[in-house]
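Chemist: Below: one structure in structure tokens.
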């Protein structure tokens, strides 16, 4: 089983308008709502791949109830800690005439020490039944930055593989606990560690540092551009297939789910990375988020280019 943890989930709402006019009333043509949050997205994509998974984290208020209802409708198993504060909303306004989207995300919820301890205990119970633990996304505020680190240390003692896909202090602390896999994007990594990754040699140097820090599978991505992978001393430059990009949201989460899927299938790493990259590309080629089938990813995987470097 795969357990995913989302500390800062949200209801992802998209509003479609012909054009946003500042200072005026704008009538929307339609509205869509889906569960949001990186760990939740990984669980949604794993469910699409028919991989047993459970999404946990914090969830609260009427918005939290809506998120859980949408997950039920998708058949995504979940087991959240319910908190007093309300889960946030993320609103994207999409202009159909220009293709421009504008996002507004509410601040994260507040969590009490008791609620934090309840989630820690829940995760520890889920770890007993899990082969993988996915820690994805931001923390709602700085006092929770330690949370990922504590879970990684616990998971390592149970021999559960951990994927860490975050940024900022939570990521920095988490890397120190030696997760199996990390997958930040270049901008997140630069902001977290105060480095400039403006050349291939600089990227490879940081991948080597991640490996020496105890990370087995280190990946640094950059949207649709070529990205870099390091695993047990081996290095690859990966070029995603050319697509017409529609919506990149969730592509990194589809990639994480695809990587876990490939490893669970006992594929070699190159086949796994091709499949995961293709899953992310299919996701980016349409507006729907983390709704990629195994067949769609496999059909695009041969167009992914891997170069050993």
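Chemist: Under a plain spin-label model, where a point goes 7 Å from the Cα along Cα-to-Cβ, how far apart in nm are residue 84 and residue 16?
Modeler: 4.1 nm
Chemist: Additional query: Which percent, nearest 5, of DSSP beta bridges in the chain are antiparallel? Could the numbers behind the result be given before it?
Modeler: Details: 25 of 56 bridges.
In the chain, DSSP labels about 45 percent of beta bridges as antiparallel.
Chemist: Okay, moving on. What is the distance, in nm, between label points placed 7 Å from the Cα along the Cα-to-Cβ direction at residue 303 and at residue 98?
Modeler: Placing both labels 7 Å beyond Cα along the Cβ direction yields 3.0 nm.
Chemist: Give me the number: length gained by fully extending residue 77 to residue 271, i.e. 0.36 nm times residue separation minus the C-alpha to C-alpha distance, one decimal in nm. Walk me through the intermediate numbers first.
Modeler: Details: separation 194, 0.36 × 194 = 69.84 nm, distance 2.79 nm.
Here the segment from residue 77 to residue 271 would lengthen by 67.0 nm.
Chemist: Please order 102, 56, 6, 239 by the number of other Cβ within 10 Å, starting at the fewest. It would help to have the intermediate numbers written out before the result.
Modeler: Values: 102 12, 56 23, 6 28, 239 15.
So the residues, fewest neighbours to most, are 102, 239, 56, 6.
Chemist: Note down the relative contact order for the chain as a percent, whole number, built from C-alpha pairs under 8 angstrom at least six residues apart. Don't skip to the answer; put the middle values down first.
Modeler: On the way: 674 pairs, mean separation 46.5, N = 309.
Reported as a whole number, the value is 15 percent.
Chemist: Let me ask you something else. If we count other beta carbons within 10 Å of each Cβ, what is the order of 80, 146, fewest first? Don't skip to the answer; put the middle values down first.
Modeler: Details: 80 22, 146 15.
Least to most surrounded, the residues fall as 146, 80.
Chemist: Of [x] 53; [y] 37; [z] 41, which is the value of percent of Cα pairs over 27 Å apart derived from the coordinates here?
Modeler: The value matching this structure is [z].
Chemist: Under a GNM of the chain (C-alpha, springs under 10 Å), which listed residue has the highest mean-square fluctuation: 101, 216, 251?
Modeler: The residue that fluctuates most here is 101.
Chemist: Work out, step by step, the length gained on full extension between residue 29 and residue 244: first 0.36 nm times the residue separation, then minus their alpha carbon distance; give nm to one decimal. Mind showing how you got there, number by number?
Modeler: Details: separation 215, 0.36 × 215 = 77.40 nm, distance 2.41 nm.
So the extension gain works out to 75.0 nm.
Chemist: Could you tell me the calculated FRET efficiency between residue 157 and residue 288, based on Cβ-Cβ distance and R0 = 41 angstrom, to the nearest 0.05?
Modeler: Given R0 = 41 Å and the Cβ-Cβ separation, E is 0.60.
Chemist: Something else: For a quick check: sort 83, 15 by the number of other beta carbons within 10 angstrom, fewest at the front. Walk me through the intermediate numbers first.
Modeler: Details: 83 22, 15 18.
Ordered by Cβ neighbours within 10 Å, fewest first: 15, 83.
Chemist: Let me have the relative contact order for segment 156-217, percent, based on Cα pairs under 8 Å that are six or more residues apart. Display every interim value, and only then the final one.
Modeler: Values: 65 pairs, mean separation 22.0, N = 62.
Rounded, it is 36 percent for segment 156-217.
Chemist: Once fully extended, how much extra length lies between residue 112 and residue 146, figured as 0.36 nm per residue of separation less the alpha-carbon to alpha-carbon distance? Don't skip to the end; give the middle numbers.
Modeler: Numbers: separation 34, 0.36 × 34 = 12.24 nm, distance 1.46 nm.
Full extension from residue 112 to residue 146 adds 10.8 nm.
Every number in this text was worked out from the coordinates using simple rules, so none of it is lab data. The structure displayed is predicted, hence computed values, not measured ones. Every residue, glycine as well, gets a Cβ built from its backbone with ideal geometry; the counts of neighbours run over all protein chains shown.
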